[in-house]
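What follows is calculated from the coordinates using simple rules that are stated; it is not laboratory data. Predicted, not measured: the structure shown is a model, and the values here were computed from it. Virtual Cβ from ideal backbone geometry, glycine too; neighbours counted across all protein chains shown.
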Amino acid sequence: MTVPPLLDIDNLVISYDDHGRRRAVVHGVTFAIKAGEVVAVVGESGSGKTTTAQSIIGLLPENGRIDGGAIRLNGTDISGWPQRRFDGLRGVGISLVPQDPGVSLNPVRTIGSQVGEILKIHAARGTPRRAIHSRVIELLDRVGLNHPEMRAGQYPHELSGGMKQRVLIAIAIALRPQLIIADEPTSALDVTVQKRILDLIDDLRAEYGTAVLLVTHDLGIAAERADRVVIVKDGRIEEQGPAAELLAHPRSDYAIQLLSNVPSLARSTPRQTITPIDGTVGGQDAVVVEGLTHVFAGRHLAGPRSPVIDSLSFRIPTGTTHALVGESGSGKTTTIRAIVGLLKPTGGRVLVDGHDVATLRGEALRRFRRTIQLVYQNPFSSLDPRQSIGRMIEEPLLNFEPVAREERARRAETILERVHLPRTILDRRPRALSGGQRQRVAIARALILDPRILILDEAVSALDVTAQAQILALLDELQRDLDLTYLFVSHDLAVVRQISDTVSVLRHGVLMESGPTETIFTHPTSDYTRDLIDAIPGRRPASPISSNRYPTPQILQEASFS
Amino acid sequence: MTVADPIETRRDLSPDRPAWLRLPRFARIPTSLALAWLIIAIAAAWSLAPDLFTAYSGTAGLALQHRLPPGGVHWLGTDELGRDVLARIIFGSVHTLSGAFVAVGVGLVAGTLLGLIAGSAGRLADDIIMRMVDVLLAVPALLLSLSIIILLGFGTINAAIAVGVSSVASFARLARSEVARVRTADYVEAAFGSGGSVLAVLWRHVLPNALTPVMALAALQFGSAILSISTLGFLGYGAQPPMPEWGLMIAEGRRYIATAWWMSIFPGVAVVIVVLATNRISLSLRGRPD
Amino acid sequence: MTRYLIERIGQAVIVLWAAFTVTFILLHVLPGDAILIKFQNPDLGLGPQQIAEIRASYGVDRPLWLQYGHAIGSFLSGDFGYSIQAGVPVSESIRANLPPTLWLTGLGSLLAAVIAMIIAFAASLSPFAWLRALVRSAPALFVSIPTFWLGIALIQIFSFRLRLLPVIGAEGWRGLILPVTTLAIPISAPLAQILVRAIDDVATRPFVAVARAKGATHAWVLWRHVFRNALPPALTVAGVLFGELLGGALITETVFGLNGIGRLTQDAVNNQDAAVLQAVAVLSAVGFVVVNLGVDLLHPLLDPRLARKERVLS
């Protein structure tokens, strides 16, 4: 007698209704999850990974429909179940850890009531409130929240992102389901928090014997956390197998390409440095930051005002890449805004090409802006939705000495070629472009004024790995051809290692350490840097599947559902 | 890590949701929208050349044809003076539409200007203008219109101006909040970053992007201006007899409601249909993605 | 919170003072003048001398700024001046006409809220797609109907055709059914629209999916999670609709021949009775400001995120 797997997805086909037309987005996906196993479904945008996960828990968008195949849970096909039947299964047999904890808790209800809700929905009639409350406290304590009694009475906005994700995990494990679907559970969190959350999920599934379906775009996370990996692209499975084996010997072209694109998994080939001769040649520095300090004024709220940046100093030799690394709230954004002159710092000074930025005003400031350009994190918001790409790229030329229309068009085409975009997109609007293409447009717009320095503010973090790898390659090529200086702001150390010559690590506005990239990575001096490096996913080998790690199957039987 | 906008970011990470499946808008115009434009086109044609659409006069009555019910000769019946109701509706469209144009023009120009100044000229201007707007909002629109009408005197155009003034507050508030929203957008900062002057950035980026929702409001206000103008007409403060204005027609027909219902019902139907059409068009202006 | 409260009340006082001043100026530069309208009638046979005396007795011959100071002082003490046309204190005619208008607007707004809620819930809970679509299009229709015509149409249908209700002058609650309905329907439309839109918007937020993933039913989620979050925008709109409500009441009273503030206002407009008109306008502004202050203070109770933050009216 063979025991069926916990979850068996068999040739699943899902389509969406698009104004009366049906479009398939998942084409015959087949994989299985055994009890207690962690399976990672890895894919980029539009791969159908989230759709697949939604269908398992019966929460496809209203216009989504399962057209074929089966989703068998313990041998029962649930793919055709009506919502009413799913209500009894959700939370009890299968639960969900969502993508973005910031928006996944109801802002107007207390933490306690939201954790208690799942217990209340499935509890027998007449379960005393006190029993539910004490179970809530127990759960909050279990997921590592301090002062669980107090937390239960708080509202979501009073908790940090990591704490919210812990609350959501508490909800997911409340009824000890057999399967937890974790949909990009950490992609909205800081790297160090991400590691702690993933550790928590690991602990809990070991304790409860719960299987986990981990949906992620990050092959590094999959490599580190999953027993088996399923790689999907455009709604089809490209390859699947045990994590260690697949990562060591990928067979499909896509998997091979994906592996080479993930910075954290790429064999650490140190970048061919453009050799800054250990930073003292003053005249050759494109950017010098000295004792930069900034305190936000205003807000008559009581309490001591701590500076956003506290006497920060670093220098960037001409023609090299300097990376500014830090998590949210580290002061990265404030620093770059001070460097481009969008913000007047309260202390210290910034020299760009020898000019003190803070002393520039009006016309001089406008002229100065030719030398230094900014590329934003989010290519969806940094391009004016109403302008054509051509107009957008040309626009900076209108701000300085007049350039004839034909000349402008010619320059725009040249720049477009430089960033490897086809000329045909000149008439398009941003919404017709993919994320990677938009970021190329943003780079083109920044380059048309022939700046000396480019500031890249998380310029690749909103992109898929493939697009990310392409943009990084493009940046490298542009730097060599045009002798550009880059300030690369990022939270992603793996990317930083790939692209930068020197690094500054920032935390709460204070410089933790600074120096050549390889030195920092191989011999970090501060504990914080060490934590950051440890948190890069995929650095540890994938955990081998070891069934004795899990408790006996009795526990699995406990959680029965209708 | 700084996630600027969770929704935007998510769109890139997992647009498994079908946003990217959408076809370009122009590919299919919904039937209801096409119908709405058709209705507006007909109303516009009526007001430009009423004689092409009816053989009867809008003001002169026919002898011995008082209060005839709808039928083959007079499709929508006649009124107490023997005037054809359909002809009066057709001739009346010019008063209603031109009045609404004037009202929306006043509100749009004055309100948008105030909103632009409030949103871009610093704290003091903002405070003063927005307090003025609060005052305009605090007095009910109808009372405000009535106060202005007794200042200006009765009549269609005066009623239209009064209605326009009472809509200034909504335009100002919307324009201000839109300017404030667009001003903080990355692409505006990028435009400054590439050396754009304040005026250039306002003209190239802030204005076009802030105006889209304002235009949607203008379409919506066009409908509500028609309602307000006909209300003033009904109360007797707008168009004066024997003008064939829709609101006034309803007021005149009201006395015969028991015996000649068509006199007041049909002009009302005309108002409802035209207002519905403008509201539908406003919806399409607002509903554009991005 | 206290600080916020004081700021908001201060703002409200400024708005009221400005509203008073604006209406005062507006109504005192009027070309016509109520005294002339009433007393210049040749039948009364009053000479210019006597009219000047009457003017002096009403205090309208003094400089404008004196009149203004006097008016503001008496307004604060509840004295709104004399209605020249009716020859009684304005406060007296308002006191006499306020109760029926309060009944009408009170019942009207209640019914409007009920209609809006029914539409909003039916729009997301109806089992059939066509029914949901139908319910969703109702507000667009309601908002396009002129109030006065709706009243006439209702009279035509329910009184003349079906003979269910008396036409005009009916006493008690039977007389209020049609007016209240007439007033409520156009008011309910924007409320329903904003509720439906807010519910649609909230329903796509991830926390709703999380609630569904707990095993909660559609109706449970709608009531416990979606509705609470959709309420604040509807509340804001409800506050702004107060002006519409008063305007609607004025029209409804005219159509159904009811006594009330609306009738009073119309008479004042016809006779250019500035004192009455100004009292009505300022009292309406007071009502508007108080209602919206209440709405603003209610928001932090509905949304804990606002409990400590500052919020500005707008």
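A few comments on the model shown:
- Computed [θ] at 222 nm, helices only, for chain A once each DSSP H run of length n ≥ 4 contributes -39500 (n - 2.57): -10000 deg cm²/dmol
- q = 0.11, 0.13 Å⁻¹, chain B: log10 I(q)/I(0) [Debye, one scatterer per Cα]: -0.78, -0.96
- Assigned charges on the beta-carbon of Lys, Arg, Asp, Glu; the stretch A:102-174 dipole about Cα centre (debye): 220 debye
- Aspartates and glutamates whose Cα lies under 19 Å from that of residue A:344, excluding same-chain neighbours fewer than 8 positions away: A:290, A:310, A:353, A:356, A:363, A:457, B:186, B:189
- Computed from phi, the 3J(HN,Hα) profile of the stretch C:106-112 under the Karplus parametrisation 6.51, -1.76, 1.60 (θ = phi - 60°) reads x, 5, x, 5, 4, 4, 4 Hz, with x in place of Gly and Pro.
- Test item: C:284-295 mean partner chain Cβ contacts at 10 Å: 2
- When the C-alpha to C-alpha distance is required to be over 19 Å, the pairs from A:34/A:164; A:34/A:195; A:49/C:214; A:120/C:214 that qualify are A:34/A:164; A:34/A:195; A:49/C:214.
- Taking B:243, A:150, A:392 and counting other C-beta atoms within 10 Å, the order from fewest to most: A:150, B:243, A:392
- Net charge in the neighbourhood of residue A:400 (other residues with Cβ under 10 Å of its Cβ; Lys, Arg +1, Asp, Glu -1) is +3.
- Nearest-ten-degree value, helix A:465-482 long axis tilted from longest Cα axis of chain A: 10 degrees
- Label-to-label distance, residue C:132 versus residue A:160, with points set 7 angstrom from Cα along the beta-carbon direction: 4.0 nm.
- Principal axis analysis of the Cα atoms in the stretch A:102-174 yields extents of 34, 21, 20 Å, listed in decreasing size.
- Each Lys and Arg Cβ is given +1 and each Asp and Glu Cβ -1; about its Cα centre, the protein assembly as shown then shows a dipole of about 1480 debye.
- Taking only the C-alpha atoms of the protein assembly as shown, Rg followed by Dmax gives 34.8, 118 Å.
- For residue A:374, distant residues with modelled amide H under 5 Å away: A:455
- When restricted to Cα atoms, the stretch C:189-307 yields an Rg and a Dmax of 20.2, 66 Å, respectively.
- On Cα atoms only, tilt of B:156-183 relative to the major axis of chain B in degrees: 20 degrees
- GNM flexibility winner over chain C from C:92, C:244, C:53 (Cα, springs under 10 Å): C:53
- Taking amide H as placed 1.01 Å from N in the peptide plane, the amide H of residue A:18 sits under 5 Å from that of A:23, each at least 5 places away or on another chain.
- Exposed chymotrypsin sites (Phe, Trp or Tyr not before Pro) absent: longest stretch of chain A, with sites in DSSP loops and at most 14 other Cβ within 10 Å deemed exposed: A:1-295
- Value in Å of the Kirkwood radius, where chain A supplies the Cα pairs that are averaged: 26.0 Å
- In this structure the amide hydrogen of residue A:503, modeled in the peptide plane, comes within under 5 Å of the amide hydrogens of A:323, A:515, A:517, none closer than 5 places in sequence on its chain.
- At 1.567 mPa s and 4 °C, Stokes D of the stretch A:54-110 from Kirkwood alpha-carbon radius, µm² per second: 99 µm²/s
- MRE, 222 nm, helices only [DSSP H, n ≥ 4, -39500 (n - 2.57), over chain C, to nearest 500]: -24000 deg cm²/dmol
- Rounded to the nearest whole angstrom, the semi-axes of the ellipsoid equivalent to the stretch A:311-376, taken from the Cα gyration tensor as √(5λ), stand at 19, 14, 12, largest first.
- Computed over Cα pairs, the Kirkwood radius of chain C leads via Stokes-Einstein (1.567 mPa s, 4 °C) to a diffusion coefficient of 57 µm² per second.
- Fluctuation leader among C:143, C:88, C:290 - chain C, Gaussian network, Cα springs under 10 angstrom: C:88
- Gain on full extension, evaluated as 0.36 nm per residue between residue A:11 and residue A:202 minus their Cα-Cα distance, stands at 65.9 nm.
- Gaussian network model of chain B, springs between alpha carbon atoms under 10 Å - residue of B:138, B:169, B:239 with greatest fluctuation: B:138
- Taking Cα atoms only, the orientation of helix C:172-203 departs from the longest principal axis of chain C by about 50 degrees.
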